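The values are calculated or read from the model by the stated rules, or taken from the named source; none is laboratory data. Note that this is a predicted model, so its numbers are computed, not measured. FYI the Cβ positions are ideal-geometry reconstructions off the backbone, even for glycines, and counts take in every protein chain you see.
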Amino acid sequence: MRGEEPEGWPGVIHREGRTLMRVSERPDSERSGPVSRRSGGVFLNPAMSGSRTRSVLLLDYAMESGMLGDGAVYALDGLSAGGLRARRWLNELPVENARRLDVTISDLDSDALSWAMGSHLEFPPMHGEGELSSSVGDLRKLVLSHGRHWVDIDPFGSPLPFLDSAIQSLARSGVIEVSATDTAALTGSSRGAMLRRYGARVRTDGLAHDSALRVMLASLASNAARHDRCIEPLLSIWDSHHLRVSARVRKSREGANAVEDNLGWRVHSPTYEEVVASIESGLHPNYSLSSLPMTCLLPLSHPVERRDARISGPLWIGGIGDRGAMSSMTEEKAVRLCAPEFVGGDLAEWTERDFEMERRRIVRSVRNIEDEATVIDSAHHILVDDLSSWLGIGSPPSPASMVGLLKEMGHNASLAHYGKPSFRTNANWDDIVEVALGLQPPI
């Protein structure tokens with residue numbers, strides 16, 4: 001590499017997806033923690049590999065769909081550490097899209113960027129297209145130095161300090177991807193931190209991570225509205241130790257004025273009156289009201305007692321993903337773009353089994369997302385463990401069986417890409433109860 005070598009160089013060669021990089025020590029792909037900088041290496045969290053794979057696929061969709069125009073795409077991988085996400089964009093996108101990319105990686109750690117650029121020089125994109133540069137410094141200043149079509153924010157903890165400047169830097173139509181690892185705050189476990197940072201409350205139940213994603217989207221939408229912009233969620237994922245939301249951001253004063261139309265409350269164990277209000281607001285499918293659902297959504301204008309333990313919010317009550325973007329994330333496409341092919345004499349010293357395990361990780365990172373696209377804007381996200389308790393039935397019903405039978409009844413339904421066994425559906429509550437009781441009669 002050119003210039004002074006960073007401490008610990010050259011370390012060992014590691015692969016993620018189709019992309020090679022140098023790290024100080026070979027990471028354990030199954031652990032959630034990072035490779036420590038204290039060893040003179042570069043930060044790398046193997047648990048984020050699925051997030052990076054989905055980022056490649058989402059960027060490909062955004063470029064193919066025309067969302068980012070038809071010219072050069074200026075992208076920023078902020079807080080990039082070893083720059084692996086950006087390097088995977090350049091290396092794993094199809095050549096016709098990679099050549100449009102002009103990517104900047106940014107970090108406060110100059111050594112980390114030296115590792116990134118050293119890896120880029122040694123293992124350039126296979127097709128030789130796209131541009132990569134690095135910048136040391138505070139992301140909040142750097143991001144405003146140049147207009148961007150794509151901004152990725154992946155911090156330690158909360159992304160809130162970086163949102164304002166990142167949104168201001170976006171083109172009239174751009175995409176922002178935001179990770180958050182302050183899950184104790186976002187899921188309501190740390191109530192004080194949640195109120196201070198996000199001005200919201202979240203009930204600590206099985207849907208806490210779904211509510212947390214909606215709180216993050218509400219924060220993003222409110223921030224965008226202050227700059228006469230609106231958001232359109234593309235993908236929202238709880239994965240391992242972190243939450244991640246991706247959204248298109250458009251310049252639209254009209255959309256900014258309507259921000260509150262997509263904000264509201266999630267109510268656990270709603271009253272009859274609350275369910276009626278949810279139905280009248282178009283947030284819940286109409287049904288007989290012979291029994292009450294586990295949860296419902298309510299618009300921001302509906303009066304609630306915010307200290308009520310049943311209430312989560314304010315949060316995003318619209319769809320948390322885009323059908324087109326999510327349906328493009330097929331297992332076949334993930335393998336085609338991102339999965340490495342086995343070769344003898346591999347530089348990373350991987351065995352054929354290592355290649356197969358990487359392929360499985362890539363497939364797992366998008367499992368159910370394509371099918372979930374059809375119901376991502378539906379009112380019901382149902383955890384089967386909660387459903388069995390609510391209905392007083394024996395073992396939780398199989399989520400796959402619930403999905404299959406609801407589809408037979410003519411409803412849309414899909415398994416959810418979520419950390420707990422669950423499904424999404426546009427079915428009314430009567431039909432959900434009927435199917436569940438048919439699978440698991442009351443005790």
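When Asp239, Asp154 are checked against the criterion of being surrounded by 21 or more Cβ atoms within 10 Å (Cβ to Cβ), touching a helix residue (DSSP H, G or I) at 6+ places or on another chain (Cβ under 9 Å), at pLDDT below 95 and of a type in the set (Asp, Glu), a single residue qualifies: Asp154.
Among the residues of segment 68-88, those that are crowded, with 23+ Cβ neighbours inside 10 Å, within 22 Å of Glu232 (Cα to Cα) and modelled with pLDDT of 95 or more comprise Leu68, Val73, Ala75, Leu76, Asp77. Of all residues in segment 283-300, those that are aromatic (Phe, Trp, Tyr) have Cβ atoms under 7 Å from Cβ atoms of residues that are at pLDDT 95 or above and part of a loop (DSSP other than H, G, I, E, B), 6 or more apart or on another chain, in Tyr287/Asn428. For segment 375-418, a tally of residues being more than 27 Å from Met329 (Cα to Cα) and either among the hydroxyl-bearing types (Ser, Thr, Tyr) or buried (at least 17 other Cβ atoms within 10 Å of the Cβ) (or both) returns 10. For segment 207-233, the tally of residues that are surrounded by 21 or more Cβ atoms within 10 Å (Cβ to Cβ) and touching an Asp or Glu at 6+ places or on another chain (Cβ under 7 Å) stands at 1. The helices (runs of 4 or more DSSP H) located wholly in segment 147-260 that include 1 or more residues which are closer than 14 Å to Trp316 by Cα and not aliphatic (A, V, I, L, M) occupy 191-198, 208-225. Screening Asn412 against (1) touching a strand residue (DSSP E or B) at 6+ places or on another chain (Cβ under 7 Å); (2) in contact (Cβ under 8 Å) with a residue 60 or more places away in the chain; (3) farther than 30 Å from Phe123 by Cβ leaves a single unmet condition, (2). A count restricted to segment 158-199 and to residues that are touching a residue at least 24 places away in the same chain (Cβ under 8 Å) and farther than 14 Å from Leu220 by Cβ stands at 10. Of everything listed in (1) within 30 Å of Thr330 (Cα to Cα); (2) not in a strand (DSSP E or B), the single unmet condition for Ser288 is (1). Confirm whether Arg367 is outside any helix (DSSP H, G or I), modelled with pLDDT of 95 or more and charged (D, E, K, R). Here the answer is yes, as Arg367 does meet what is asked.
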